[in-house]
Amino acid sequence: MTMAARWGMTPLCALLLAACAAPPRAPLDAQSTRDAFAARRLESSLPELPPPATGWTQAQWLAAALKLNPQLAEQRAAVAAAAAAQRSAGQLPNPNMQLFAEYLTAAAQSAAWLYGVSLDFLLREPGARSRARQQAALQSALAESELSDAIWQVRAALRLALLDAVAARDESVELDALVSARQALLRSDRTRLQLGDLARPQLLSDELELARAEQRRRELSARQADAVARLAAAVGVPAAALSGVPLRWDDWAAIGSLTASGAQRWRDEALIGRTQIVHALREYDLAELALRAEVAKRWPQLHLTPAYAWGGGGVREVDTFSSIESESAVSVSFELPLFNQHQGEIGEALARRTAAGEHLKSVQAQIFSQIDRAEAAWPAAHQGWTDSQHLAELSARTLQSQQQALAAGAQERAAVVTAQIAATEAQLTQLEAAYSAQLAFGSLEDAYRRPLTEEARPSIAPGQPQS
């Protein structure tokens, strides 16, 4: 090889070696990630928020979840990966290089080796690069819509877990009072049974009602523990991280303060702008883009291959006219559409586009149904809470009347205890009605994909996920 050839190959080899460089390794093992997650604590992970011991609002819990939730971190990484793909879509395809050696026999019957290099350039069909960029942008938009929906799902899970926890806490207070009243009534009725003022079946009924109240209390305790575990999962910390952290939602049972004003506006916006609809629209756009790409394949993709060869006289361009039997300077290759014109692939892409359009209509119909059900359930739940409030007020007045009669000596202790049990049951009914109303209000927010109260906005920026 001549000196000029050697100097020409040196930068080429350096370029190839640089292209082979790889990013540094980032080892990952399950044990280290497990230990890191188990060590998460709210105080150290979220120094920008007030101490959790002060009792966080819903907005602060949401801010914590936006920063710590592992599912959201995964979705953010997917968005970053889709954005990185946009850079790849804009790149031009690299040529393929081939090194070759040929043993040539010239007309004078003198033989010699010929060394050469050829480059294969792909001439893509018109618009291919633009379509690749559009496809990457649509994939990025899909990832962003999935992240938006994941954020809402986390917010909904967090709200429900917090509601379950505080509702169970408040109901447990009433259940403790109910169990105490049932125990007092059972003691009173046992005394009356010994005096002959009460029949045995009444005592059995008292024992059964006491057992039911105690069972309700045990079930409520289990429900509260599960709610705390789900709250920790929504935030992105182990359940141990919430040990000793107070859960605050002081006015959760104040259903009268909840309003769904602007419902028609939110309904109209949800039916065209919810993330599921945006996602379906982007999928339809991708199907349309894939169809156009298949149609464009009817135009042949050209491969241009220039070749250079050298012998003992140094590097030279191949002279195809003087030695055309053994050497070639340029070749052009392309597909011959003899047996098909890509009609099968075009038909498949057309069918996928049709399916994507029907999927959009199906998603929109499901959202119609979800909104209709939520809008019908909320007034009924609100009315149920109003009725339970009237019942609780009536039971409280009855208890007050019985207590006054007992103080005047005109009533027995057992009647007061019975009235107290009825008042406690009415309070529990009111709490259950408030819980059902909160569920209905949450379903309305889910249907609109819009928080309907001021507390929903996080007080800090989401930030980056913690390790």
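The values are calculated or read from the model by the stated rules, or taken from the named source; none is laboratory data. Since the model is a prediction, treat every value here as computed from it, not as a measurement. Ideal geometry is used to build each Cβ from the backbone, glycine not excepted, and the neighbour counts take in all protein chains shown.
Details
- Of the criteria (1) surrounded by 12 or more Cβ atoms within 10 Å (Cβ to Cβ); (2) closer than 30 Å to ARG34 by Cβ; (3) out of contact with any Ser or Thr (no Cβ under 8 Å at 6 or more places or on another chain); (4) touching a residue at least 12 places away in the same chain (Cβ under 8 Å), which one GLY244 fails: (1)
- When region 161-203 is filtered for residues that are charged (D, E, K, R), touching a residue at least 24 places away in the same chain (Cβ under 8 Å) and more than 13 Å from THR418 (Cα to Cα), the ones remaining, listed by number, are ASP164, ARG169, ASP170, GLU171, GLU174, ASP176, ARG192.
- If you go through region 77-129 and keep only what is among the hydroxyl-bearing types (Ser, Thr, Tyr), modelled with pLDDT under 75 and part of a strand (DSSP E or B), you end up with TYR103, THR105.
- Residue among LEU350, LEU336 that alone is assigned to a helix (DSSP H, G or I), farther than 27 Å from SER257 by Cβ and not β-branched (Val, Ile, Thr): LEU350
- Restricted to region 256-270, and to residues there that are part of a helix (DSSP H, G or I) and crowded, with 16+ Cβ neighbours inside 10 Å, the residue that is modelled with the lowest pLDDT is ALA263.
- Scanning region 289-308 turns up one or more residues that are assigned to a strand (DSSP E or B) and aromatic (Phe, Trp, Tyr).
- Selection status of ARG40, in contact with a Pro (Cβ under 8 Å, 6 or more places away or on another chain), charged (D, E, K, R) and at pLDDT 90 or above: yes
- Looking only at region 204-228, and only at residues there that are small (Gly, Ala, Ser) and in contact (Cβ under 8 Å) with a residue 40 or more places away in the chain, the one that is surrounded by the fewest Cβ atoms within 10 Å (Cβ to Cβ): SER221
Conditions (1) acidic (Asp, Glu); (2) under 41 Å from the mean Cα position of the chain (by Cα), marked per residue:
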{"position": "SER369", "(1), (2)": "no, yes"}
{"position": "LEU391", "(1), (2)": "no, no"}
{"position": "LEU399", "(1), (2)": "no, no"}
{"position": "ASP446", "(1), (2)": "yes, yes"}
